């Protein structure tokens, strides 16, 4: 099983089109050591031709063009995208669905009831695509048996409900419901290896921590370095917690959580194999984007990697 990071940035990408913060202005002018990034998405494959797309970024067409292995060219009109799973209905995770309208067959879309409600009401991508390629909506139930995706033989996916935020356009943005946001455990049944994927992770409860401790690869929320990052830079009046994200630094932050996960645990027994820890969904304001920053050095000291577009893992 191969997992590829298609996009490693939070909404807006890096640099963000209208932002002149230190990071965006710096990378645009070549004044800092940093790499541009597209918006958050990963893809999973077994045979190298059929891919499960996890989140459909607004940058999807750019991401597909940058990854020619996702275009197997088996016929005149073809795509390696076998199906899509979306973990929430955030703009930066679902807008790319509209870019798939030229498909010649209905698009298999896996999502929770809460997300489907948003995609058929506040942001009606479902009804729109029904007039083009069509959608075969596949219900993702919470706390149920793993599901499989056609084309990914031997791979099972399990959804975990997370405590985070629905998008501002959602009717329940101020009154969260179960299924607004999920994390995914993606397991290779043949090797037994697991990926835990959660680009939006505001609170880490016992079940989520258990899933993280059982994983071989963690692809987790790296949005903000501090809880008040956007407020201090005068870019928003909302904290990381207000937006459903756990910052890296500070007491109870992501660094502290990841420090508590040294080895892989299965059924309470530690494996000698260490867990690979990678931050994704990194906001354009986060100083860890600067490769020689003090904050990046802190992550290195803690054995935490900063994800980048094109990063590939084999499990």
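Some observations on this one:
- Restricting the calculation to alpha carbons of segment 174-228 gives Rg and Dmax of 12.9, 43 angstrom.
- The fewest-to-most ranking of 196, 147 by surrounding Cβ atoms within 10 Å reads 147, 196.
- Looking at the chain alone, DSSP beta bridges between its own residues are antiparallel in about 55 percent of cases.
- Full extension of the chain between residue 133 and residue 314 gives 62.0 nm of extra length, using 0.36 nm per residue less the Cα-Cα distance.
- Only one item in (i) 30.7; (ii) 15.7; (iii) 16.5 matches mean projected area of the Cα convex hull in nm² derived from the coordinates shown, and that item is (ii).
- Segment 1-58: radius of gyration over Cα atoms, expressed as a fraction of 2.2 N^0.38 Å: 1.39
- Relative exposure of 197, 132, judged by other C-beta atoms within 10 Å (fewest first): 132, 197
- A crude spin-label estimate for the pair residue 177 and residue 153, with each label 7 Å from Cα along the Cβ direction, gives 3.9 nm.
- Of 228, 118, 50, the one that fluctuates the most in a GNM where the chain has Cα springs shorter than 10 Å: 228
- Sorted fewest first by neighbouring Cβ atoms within 10 angstrom, 210, 4, 277 come out as 210, 4, 277.
- Computed lengthening from residue 102 to residue 274, 0.36 nm per intervening residue step minus Cα-Cα distance: 57.6 nm
- Gain upon complete extension [residue 18, residue 91; 0.36 nm per residue less C-alpha separation]: 24.6 nm
- Antiparallel bridge percentage (DSSP; both residues within segment 165-314; nearest 5): 35
- Estimated from helical segments only, the mean residue ellipticity of the chain at 222 nm is -4500 deg cm²/dmol, where each DSSP H run of four or more residues counts as -39500 (n - 2.57).
- Choice from 254, 212, 99 with maximal GNM fluctuation in the chain (Cα, 10 Å cutoff): 99
- Computed from the C-beta positions of residue 232 and residue 76, the FRET efficiency with R₀ = 51 Å rounds to 0.45.
- For the chain, a Gaussian network of Cα nodes joined below 10 Å ranks 216, 113, 78 by mean-square fluctuation, and the top entry is 78.
Taken together, the values in this text are just the output of simple stated rules run on the coordinates, not laboratory data. Bear in mind the structure is a predicted one, so any value in this text is a computation, not a measurement. Don't worry about glycine lacking a Cβ; one is built from the backbone with ideal geometry, like all the others, and counts go over all protein chains shown.
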